Amino acid sequence: MEAKLKTPLSDEDIKKLRIGDVVYISGTIFTARDRAHKKMIKEGAPYKLEGTVIFHAGPIIKQKGPLEGDIMDDPPVDLIVVGPTTSTRMNPYQSKIINLGVKAIIGKGGMDKNVQDALTRKCAVYLAAVGGCAALYGENVKKVKRVYWPSLGIPEAIWELEVQEFGPLLVAMDSKGENLYERVKC
């Protein structure tokens with residue numbers, strides 16, 4: 001099945017998805033890597049997490065001016081490309097973030113059993129992005145709306161992105177406890 005979703009995502013959106021489905025997302029997504037996850041757990045998220053999508057990515061950004069403060073609207077940047085980073089690095093934090101209302105995680109390589117349990121308990125999904133498609137994903141970004149915590153550095157900051165049919169993304173871990181990575185045996 002192919003699904004076109006619009007953020008914020010709801011339980012109804014997520015319940016329809018099964019492993020192997022192809023997903024395209026329009027609306028707002030947020031990048032976040034290790035340091036941002038750790039800071040969100042320690043200090044709280046700088047934006048409302050309910051219904052959101054987190055992309056495990058460190059975009060390539062060209063600065064056209066300084067990035068100042070903890071939150072900056074309409075930052076002076078151009079997004080060059082944005083591709084997935086390895087999600088397993090976020091395993092220690094991801095369950096807690098999902099418990100705060102995140103509905104979809106985008107990354108590569110899958111995540112652990114604790115994250116799978118959180119996805120099932122909180123009606124959320126893990127969507128696999130294709131490594132090597134950073135230019136394609138970058139084309140789906142229509143605007144860099146905001147940057148949170150730029151002091152963490154460009155790859156580690158949280159980037160709020162307006163996207164149009166962002167994908168293709170593959171449902172790799174669904175809200176029913178199914179895991180595509182466990183089905184594939186080499």
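The values are calculated or read from the model by the stated rules, or taken from the named source; none is laboratory data. These numbers were taken from a predicted model, which means no experiment stands behind them. Neighbour counts run over all protein chains shown; Cβ positions are idealised from the backbone, glycine included. The area values use the complete protein model at the heavy-atom level, side chains included, leaving out ligands, DNA and RNA. Shrake-Rupley method; radii C 1.70, N 1.55, O 1.52, S 1.80 Å.
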inquiry  = Pull out all pairs, ordered by first then second residue, where Cβ-Cβ is under 7 Å, the residues are six or more apart or on different chains, the first lies in the stretch 76-87 and is in contact (Cβ under 8 Å) with a residue 12 or more places away in the chain, and the second is in a helix (DSSP H, G or I) and surrounded by fewer than 20 Cβ atoms within 10 Å (Cβ to Cβ).
reply    = LEU79/GLY138; ILE80/GLY138; VAL81/ALA134; VAL81/ALA135; VAL81/GLY138; VAL82/ALA134; VAL82/GLY138; GLY83/ALA134
request  = Consider GLU156 carefully, then state whether it is within 29 Å of VAL77 (Cα to Cα), part of a loop (DSSP other than H, G, I, E, B) and charged (D, E, K, R).
outcome  = yes
request  = Output the residues belonging to the stretch 45-67 that are assigned to a strand (DSSP E or B) and under 14 Å from the mean Cα position of the chain (by Cα).
outcome  = VAL53, ILE54, PHE55, ALA57
query = What are the pairs, 6+ residues apart or on separate chains, where a residue within the stretch 109-135 that is touching a residue at least 24 places away in the same chain (Cβ under 8 Å) has its Cβ under 9 Å from a residue that is basic (Lys, Arg) and surrounded by 16 or more Cβ atoms within 10 Å (Cβ to Cβ)?
reply = LYS122/LYS103; CYS123/LYS103; ALA124/LYS103; VAL125/LYS103; ALA128/LYS108; ALA129/LYS108; VAL130/LYS108; GLY131/LYS108
ask   = Got a number for residues in the stretch 68-84 being open to solvent by 20 Å² or more (accessible area, probe 1.4 Å), over 16 Å from ARG146 (Cβ atoms) and outside any strand (DSSP E or B)?
value = 0
inquiry  = Cβ-Cβ under 6 Å, sequence separation 6+ or interchain: first residue in the stretch 146-161 and more than 21 Å from LYS6 (Cα to Cα) and among the hydroxyl-bearing types (Ser, Thr, Tyr), partner open to solvent by 10 Å² or more (accessible area, probe 1.4 Å) and outside any strand (DSSP E or B). Which pairs?
reply    = TYR148/PRO46
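Per-residue answers, yes or no, for (1) open to solvent by 20 Å² or more (accessible area, probe 1.4 Å); (2) modelled with pLDDT under 95; (3) outside any strand (DSSP E or B):
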position: LEU136; (1), (2), (3): yes, yes, yes
position: VAL147; (1), (2), (3): no, no, no
position: GLU160; (1), (2), (3): no, no, no
position: GLY167; (1), (2), (3): no, no, no
position: SER175; (1), (2), (3): no, no, yes
position: GLU182; (1), (2), (3): yes, yes, yes
position: LYS185; (1), (2), (3): yes, yes, yes
